[in-house]
Amino acid sequence: MNIGVVGAGAAGLAAATRAKRVNPQARVVVFEAGREFSRATCSLPYYLSGEISDQERLQGVTQQQLEAQGVELRLETPVLEIDSSQRVLTTAAERFSYQKLVVATGSRGRDPSLLGVDLRCPCVWRLRTIADAVEIRRHIETGRIRRVAVVGGGYVGVEAVEAFLAQGLQVALFHRQSSLMRLQGRPADAVNRTLLERGAELYLDSEVLQIECDRHGGHLTYQNSQSPSHYHFDAVLLSIGMEPETKLLEEAGARVGPTGAVQVSARGETSLSNIYACGDGVELPANGRGPGRWVPLATTAARVGRICGENAAGGSRRLGFLGGSLALRFFNSEVGMVGTPDDWTDAEALEFQWGSDHPVFPTRGRGVGLIFQEPRSQRLVGLQVVGPQASSLVDLFSLAMDQEMTLSQFQEQDFCYNPPLKGMWHPLFLASRAAEKRQAEVATGRYGR
């Protein structure tokens, strides 16, 4: 049995290794268009900051390790065409016949051409590959970079700001929306305040109109509520988002969903017979509620990749709960969330907090959060948290959403306690109590006074 895999990122290699484990007799061949594979993309900002010193640590597995598992890897071998009727994919060197195919072509950075920027300019940076990270750090280590502009306030942009500050650079962050990383309320305020306290310049509600540069630096033109202004920089990092890469499957006839990504079933199946897809290029079923979702996260990519690999090898596994859980370290704290903005639009938002501004133990510091729930059913649909334990709270809350718990049920759970680790009352217990207090105030007409 021949199983082909297109793409050697988190999703593709998860599919390949899982397929080989499920069916050791299968021949599994991975085709990768570039030179890099098994790239630890989420670790790239920590290479910029110097916390990761060895670029080899930015790669998850080696080619020798894959070969030892029985997986064939063909680098710099782009797939040019897929003929689903004949079950053949074509590269420049061969026509490969498959019984099952998994496509994991990932995503591409959004086109910055509207900004008029020349990507060939050495002071214009993007952070998507190991080669990008190595080149950026090389420039920083010359000592000629002092002032960096970061365009885009998503997760990568915010992590890059922290990395550049750690390198002693002056950093300005430009974001077209009023809050960073889709955060709202007190979590958004906490992130903004921390960035300013750490020395970053913050330009929210600021649209970057144009970027001009030469080999020595340049300036960007931006506009907010005032007239257009200029910001001069030695280098600019473009972190303006990504789009699903669907060209190969679209040309083969696969169905594309409203998000612009290729639609797949809970088993990872595309609309093409014997072809599965995973990674940042797919639209996933939304837990039986509403339209499909595009969730470009490494954990989601690897998880769906395993499902595709197992099913391509003869299994029948299905995707379970999909919440888009994510977390990042944020200086000496954490940021986390679960759920999507579509879930939060009509939801009721409840703010809560835990910890202390002057804790005896560092792990007991102040944290703030926002819980989203449906007003009538009280079904939990999302969480945003900033503070210690944020990543653990995301994991727990994701499980609670999957099990359709209500907020009041957190008061019934047996949470642990230890003074150096966490407080007597768990943050989600405190959130539940805050919800009860607000309900009582609403019932008596005292809420909001």
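Could you list, in sequence order, all residues of the range 394-435 that are touching a residue at least 12 places away in the same chain (Cβ under 8 Å) and part of a loop (DSSP other than H, G, I, E, B)?
Matches in the range 394-435: E404, M405, T406, Q413, F415, P419, P420, L421, G423, W425, H426.
Would you confirm, using the coordinates I've provided, whether Q409 is modelled with pLDDT of 80 or more and not small (G, A, S)?
Yes: the conditions hold for Q409.
Give the residue that is nearest to the chain's Cα centre (by Cα), with candidates limited to residues of the range 175-200 that are within 24 Å of E141 (Cα to Cα) and buried (at least 17 other Cβ atoms within 10 Å of the Cβ).
Within the range 175-200, the match that is nearest to the chain's Cα centre (by Cα) is L195.
For the condition surrounded by fewer than 16 Cβ atoms within 10 Å (Cβ to Cβ), out of contact with any Leu (no Cβ under 9 Å at 6 or more places or on another chain), polar (S, T, N, Q) and not assigned by TED's automatic domain parsing to the domain that holds A19, what is the one hit in T363, T345?
Criteria check complete, one pass: T345.
Can you tell which of R267, R255, R293, R303 is out of contact with any strand residue (DSSP E or B) (no Cβ under 9 Å at 6 or more places or on another chain) and in contact (Cβ under 8 Å) with a residue 12 or more places away in the chain?
When all the criteria are applied, what remains is R303.
Free of Cβ contacts under 8 Å to residues at least 12 places away in the same chain and not hydroxyl-bearing (S, T, Y): which single residue out of V117, V88, V22 fits that description?
V88
Tally time: how many residues in the range 185-213 are in a strand (DSSP E or B) and of a type in the set (V, I, T)?
Total meeting the criteria: 2.
Just to verify a result, which residue in the range 1-49, among those that are of a type in the set (K, R) and not in a strand (DSSP E or B), is farthest from N311 (Cα to Cα)?
For the range 1-49, the residue satisfying everything is R35.
For residues in the range 50-78 being assigned to a loop (DSSP other than H, G, I, E, B) and polar (S, T, N, Q), which is surrounded by the fewest Cβ atoms within 10 Å (Cβ to Cβ)?
S53
Output the residues belonging to the range 309-337 that are in contact (Cβ under 8 Å) with a residue 60 or more places away in the chain and part of a loop (DSSP other than H, G, I, E, B).
Within the range 309-337, A313, G314, G315, G320, F321, G323, S325, F331 meet the criteria.
Filter the range 107-142 for residues that are of a type in the set (S, T, N, Q) and within 24 Å of the chain's Cα centre (by Cα) and give the result.
S107, S113, T129
Please state which one of Q378, Q389 is at pLDDT below 95 and under 25 Å from T345 (Cα atoms).
Answer to the selection: Q378.
I'd like to check which strands (runs of 3 or more DSSP E) are fully inside the range 80-167 and have at least 1 residues that are buried (at least 22 other Cβ atoms within 10 Å of the Cβ) and of a type in the set (A, V, I, L, M).
Counting at least 1 such residues, we get 88-91, 100-103, 147-151.
What pairs come up if the first residue lies in the range 366-380 and is in contact (Cβ under 8 Å) with a residue 12 or more places away in the chain, the second is of a type in the set (K, R) and not in a loop (DSSP other than H, G, I, E, B), and their beta carbons are under 7 Å apart, counting only those six or more places apart or on different chains?
V368/R186; L370/R186
Looking at the range 266-282, can you tell me whether even one residue there is among the charged types (D, E, K, R), surrounded by fewer than 23 Cβ atoms within 10 Å (Cβ to Cβ) and touching a Phe, Trp or Tyr at 6+ places or on another chain (Cβ under 7 Å)?
Among the residues of the range 266-282, at least one is among the charged types (D, E, K, R), surrounded by fewer than 23 Cβ atoms within 10 Å (Cβ to Cβ) and touching a Phe, Trp or Tyr at 6+ places or on another chain (Cβ under 7 Å), which makes the answer yes.
The values are calculated or read from the model by the stated rules, or taken from the named source; none is laboratory data. Since the structure is predicted, the reported quantities are computational estimates derived from the model, not experimental observations. FYI the Cβ positions are ideal-geometry reconstructions off the backbone, even for glycines, and counts take in every protein chain you see.
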